[in-house]
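Read through the structure below, which is laid out as structure tokens, and then see the notes.
None of the figures in this text is laboratory data; all of them are computed from the coordinates on show. Everything numeric in this text was worked out from a predicted model, so none of it was measured. Ideal geometry is used to build each Cβ from the backbone, glycine not excepted, and the neighbour counts take in all protein chains shown.
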Amino acid sequence: MRIIILILGIIMTMLLILQSSVAADYTLNIFGNANDDSTINMQDVTYTELIIIEYKEPTQLADAKYDGEINILDVTQIELIILGKEKDLTLLDSAERTVTLTKPVEKIIAITYPNVEAIKIIKANEKIVGVSDDIKTRNIFYPELSKFPSAGVASIPDFEKIVELNPDIVCTGKIKSMGTNLENNLPNTIAVTCWDMGRLEVMTKNIQMLGYIFDKQSEGDQFCDFYQEHIDEMIKDRVSDLSDDDKKQVYFEHIEDYRAFTIGSSGHEVCVAAGGINIAADLEPSSEKPIVQIDQEWLIEQNPDVVVKAVNCKSGLCGYGENDAEEMNKLRDTIMSRPGWEGISAVENNEVYLIDSDLIGSTANFVGAIYMAKWLYPDIFEDLDPQTFHQQYLIDFQQLDYDLSEQGVFVSPQ
């Protein structure tokens, strides 16, 4: 009887593991996530035990202690992670670098503004001791953090200042060389992590990982629920029934003229999430960046239904520091008046839009997706007010006292 009960227990555990693996949209890249789903829980303990008795094949992340072996020490480590009592944590960052950091993490330096925004999302900003130079120019969005010491920018970090501030961790951009540069010039007591905070497809995974690193898992869960409700349920579900023939053909231009977002870019993912077809999706970029130079003749031939232009905000144009949309609207008129564009459907039908690049290529990219969904399909999203959603994000996840009905210019037309 005891053997039957044990077998039944194993079967039930296997079913739970299978269910979890199927349900996950991504793999949480933290060592201890033995069953490769989106969280670390008791299923990972059981899965690791099954690996130890050779009932399951080993997985990379089952090596929770990251010592090259899977044994009872990994089971203990997973249990400690679940309890929030682990003394160290190993993860794969956005550049696929393996990083081990000491817990708890008390001092953070973030040297890209999307990283700072993400850290604010999970309310770990009280741990920040240094920021990047670009935070200084965003003093309205970061009223307190813009006063913090500057540690340079991701491409040119201030190593001396970082050592002086002595953080437990430095969060930099997604490019592997950025992490390598920091590692080669900082003491090994400082963990270095690379983060891609500009793409919808990795948004929830990265927020969840930050939650584990900074012991803010419940805050990470709260944001991911908010994100899923608006992006997956409110936007993607509504456009999922559209056929390709019914979807709008979109030319999504980068901040540089006649350069378009392709597959793998933030702009492409925002366009797809909003139900659009990115006409430049499959073009081959000439560099590692998923941005491609296009010809005006090609664009005219494609004749897109909608044109969206990302705008690099500066004083007098757009952003949280601007209240007058006149210059943004003038720029839109200039774009619509480009030679040869008069016959493009998007221009003829007045479906040319400008959007603040911070709502496309940063942690707030999901806000950009909601604006775009409203532009593409106003009838489907008749009940959707992007500004209301944007305002809720600022209040609930950026702790920002800012009234969008009175301040800010982010899109054109308003």
TODO: Find how many whole Å separate the alpha carbon centroid of the stretch 161-222 from the alpha carbon centroid of the stretch 371-397.
DONE: 30
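Would you mind checking K120/K147; K107/K161; K103/K147; K120/K374; K248/K309 for any pair whose Cα atoms are more than 19 angstrom apart?
On the way: K120/K147 15 Å; K107/K161 14 Å; K103/K147 27 Å; K120/K374 27 Å; K248/K309 16 Å.
Too far apart for the 19 Å limit: K103/K147; K120/K374.
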Task: Under Karplus coefficients 6.51, -1.76 and 1.60, residue-wise ³J(HN,Hα) of the stretch 294-311 in Hz, glycine/proline x - done: 10, 8, 4, 4, 4, 5, 4, 5, 5, 6, x, 6, 9, 10, 10, 10, 7, 10
Task: From the C-alpha gyration tensor of the stretch 241-412, square roots of 5λ in Å - done: 25, 18, 16
TODO: Rank the residues E183, E160, E117 as a footprinting-exposure proxy: fewest other Cβ atoms within 10 Å of their Cβ go first.
DONE: E160, E183, E117
- [ ] Can you bin the stretch 189-272 into rounded, prolate or oblate? Criterion: square roots of the alpha carbon gyration tensor eigenvalues sorted a ≥ b ≥ c, rounded for a/c under 1.5, prolate for a/b above b/c, oblate for the rest.
- [x] oblate
TODO: Given the options G316, G343, G368, state which has the largest fluctuation in a GNM of the chain using a 10 Å cut-off (strictly under) for Cα springs.
DONE: G343
Open item on the list: Can you tally the net charge around T27? Count Lys and Arg as +1, Asp and Glu as -1, for every other residue whose Cβ sits under 10 Å from the Cβ of T27.
Closed with: -2
Task: Most mobile listed residue (L145, L182, L165) in the chain, GNM with C-alpha springs under 10 Å - done: L165
Open item on the list: At q = 0.11 Å⁻¹, what log₁₀ I(q)/I(0) does the chain have when each alpha carbon counts as one equal point scatterer in the Debye sum?
Closed with: -0.88
Open item on the list: Quick check on the exposure proxy: order F31, F389 from fewest to most C-beta atoms within 10 angstrom.
Closed with: F389, F31
Open item on the list: List the residues, sorted by chain then number, that are 5 or more residues from N166 or on another chain and whose placed amide H is less than 5 Å from its amide H.
Closed with: none
- [ ] Quick one: give the max-minus-min coordinate of the C-alpha atoms of the stretch 272-316 along each principal axis, largest first, in Å.
- [x] 35, 27, 25
- [ ] Give a residue-ordered list of calculated ³J(HN,Hα) values for the stretch 90-105 (Karplus: 6.51 cos²θ - 1.76 cosθ + 1.60, θ = phi - 60°; whole Hz; x for Gly, Pro).
- [x] 10, 9, 9, 8, 5, 9, 6, 8, 8, 10, 10, 10, 8, 10, x, 8
Task: Sequence-distant residues sharing a close amide H with D88 (under 5 Å, placed H) - done: K103
TODO: Taking amide H positions as placed in the peptide plane 1.01 Å from N, state which residues far from D36 in sequence (5 or more) or on other chains have amide H under 5 Å from it.
DONE: none
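If each DSSP helix of 4+ residues adds -39,500 (n - 2.57) and the sum is divided by the residues in the chain, what number results at 222 nm, nearest 500 deg cm²/dmol? Before the final figure, lay out each step's value.
Working: 15 runs with 151 residues, N = 414.
My calculation for the chain gives -10500 deg cm²/dmol from helical runs alone.
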- [ ] Enter the angle in degrees (range 0 to 90, nearest 10) between the Cα long axis of helix 176-185 and the first principal axis of the Cα atoms of the chain, meaning the one along which they spread out most.
- [x] 60
Open item on the list: Output the 0 to 90 degree angle, nearest 10, between the alpha-carbon long axis of helix 2-23 and the longest principal axis computed from the alpha carbons of the chain.
Closed with: 20
Task: Proxy reagent accessibility, fewest Cβ within 10 Å first, across C224, C271 - done: C224, C271
TODO: Quick one: among L404, L83, L200, which has the greatest mean-square fluctuation in a GNM of the chain with alpha-carbon springs under 10 angstrom?
DONE: L83
